[in-house]
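Sharing a structure here in structure tokens format.
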């Protein structure tokens, strides 16, 4: 292994945030890959560490996107329901 | 350069908005807060369940309540702040302090704790029921 190869980012913090705040399955797969980044790097397998880093990034990113989409969709539904209730207020 | 000044500034805006929302609104009193999709589908608590109420308690400095809603909330926040602190310190000072979250053992321990917590908090009798949100 070349000495100057930078440690790939392990996305552990992002995985923990995703686990705590929304889509646990994605967060837990992120944590598994974070573990892989560290151990592969330590074992001298730079390519393996980089691949695990990319995996971790993908899973945490999707967890974040899906969590955010969920919040936006729920917010939108409440908005629509609110407007519908306001609109029908005179029909009772 | 994850923690450039620009990134910190950009991230601080949504974080501040979130903190304000969770300070002024209690997730227990308003049903427009997002629900845990895993709990809604399965009826089983996930490791993140209770974290919105935990955040509400935290911004009111009620640390005991924070831990009772989600026992891992404060340790998780600790990891986030530790990583932020050590990364920014290393960048500003030019030093290379060891960031322990890059040790091989660290994410494995995190994984084991999260999985244990997930299992234990779903056991519906004392003392495990105290881990439920």
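The values are calculated or read from the model by the stated rules, or taken from the named source; none is laboratory data. It should be emphasised that the depicted structure is a prediction, and the values quoted were computed from it without experimental measurement. Please note: Cβ atoms are built from the backbone with ideal geometry, for glycine as well, and neighbour counts cover all protein chains shown.
I want to confirm something. Restricting to the stretch B:59-74 and keeping residues that are within 19 Å of residue A:18 (Cβ to Cβ) and in contact (Cβ under 8 Å) with a residue 24 or more places away in the chain, which single residue is surrounded by the fewest Cβ atoms within 10 Å (Cβ to Cβ)?
Applying the filter and picking the extreme gives B:71.
Being surrounded by 15 or more Cβ atoms within 10 Å (Cβ to Cβ), facing chain B (nearest Cβ under 8 Å) and within 26 Å of residue B:14 (Cα to Cα) is the requirement here; does residue A:64 meet it?
So residue A:64 fails the test.
Residue-by-condition table, conditions (1) facing chain B (nearest Cβ under 10 Å); (2) within 30 Å of residue B:71 (Cα to Cα); (3) outside any helix (DSSP H, G or I); (4) modelled with pLDDT of 85 or more:
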site	(1), (2), (3), (4)
A:14	yes, yes, no, yes
A:33	yes, yes, no, yes
A:47	no, no, no, yes
A:84	no, no, no, no
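Let me ask something else about it. Among (1) closer than 20 Å to residue B:83 by Cα; (2) surrounded by fewer than 24 Cβ atoms within 10 Å (Cβ to Cβ); (3) touching a residue at least 24 places away in the same chain (Cβ under 8 Å); (4) more than 8 Å from chain B (Cβ to nearest Cβ), there is one condition residue A:9 misses while meeting the rest; what is its number?
The one condition residue A:9 does not meet is (4).
Mind telling me which of the residues B:73, B:106 ends up being closer than 24 Å to residue B:56 by Cα and touching a helix residue (DSSP H, G or I) at 6+ places or on another chain (Cβ under 8 Å)?
Within the list B:73, B:106, the selection yields B:73.
Filter the stretch B:97-133 for residues that are under 17 Å from residue A:41 (Cα atoms) and surrounded by 13 or more Cβ atoms within 10 Å (Cβ to Cβ); which is farthest from the other protein chains (Cβ to nearest Cβ)?
Applying the filter and picking the extreme gives B:99.
Can you name the helices (runs of 4 or more DSSP H) wholly within the stretch B:23-89 that have at least 2 residues being under 13 Å from the mean Cα position of the chain (by Cα) and closer than 22 Å to residue B:111 by Cα?
B:51-59, B:63-69
Still on this structure: Quick test of your reading of the structure: residue A:25 fulfils all but one of (1) surrounded by fewer than 23 Cβ atoms within 10 Å (Cβ to Cβ); (2) modelled with pLDDT of 85 or more; (3) more than 17 Å from residue B:99 (Cβ to Cβ); (4) facing chain B (nearest Cβ under 9 Å). Name the failing condition by number.
(2)
Give me the pairs, please: first residue somewhere in the stretch B:1-20 and at negative phi, second residue anywhere and surrounded by 10 or more Cβ atoms within 10 Å (Cβ to Cβ) and assigned to a helix (DSSP H, G or I), beta-carbon distance under 6 Å, and either six or more positions apart or on two chains.
B:3/B:87; B:3/B:88; B:19/B:59
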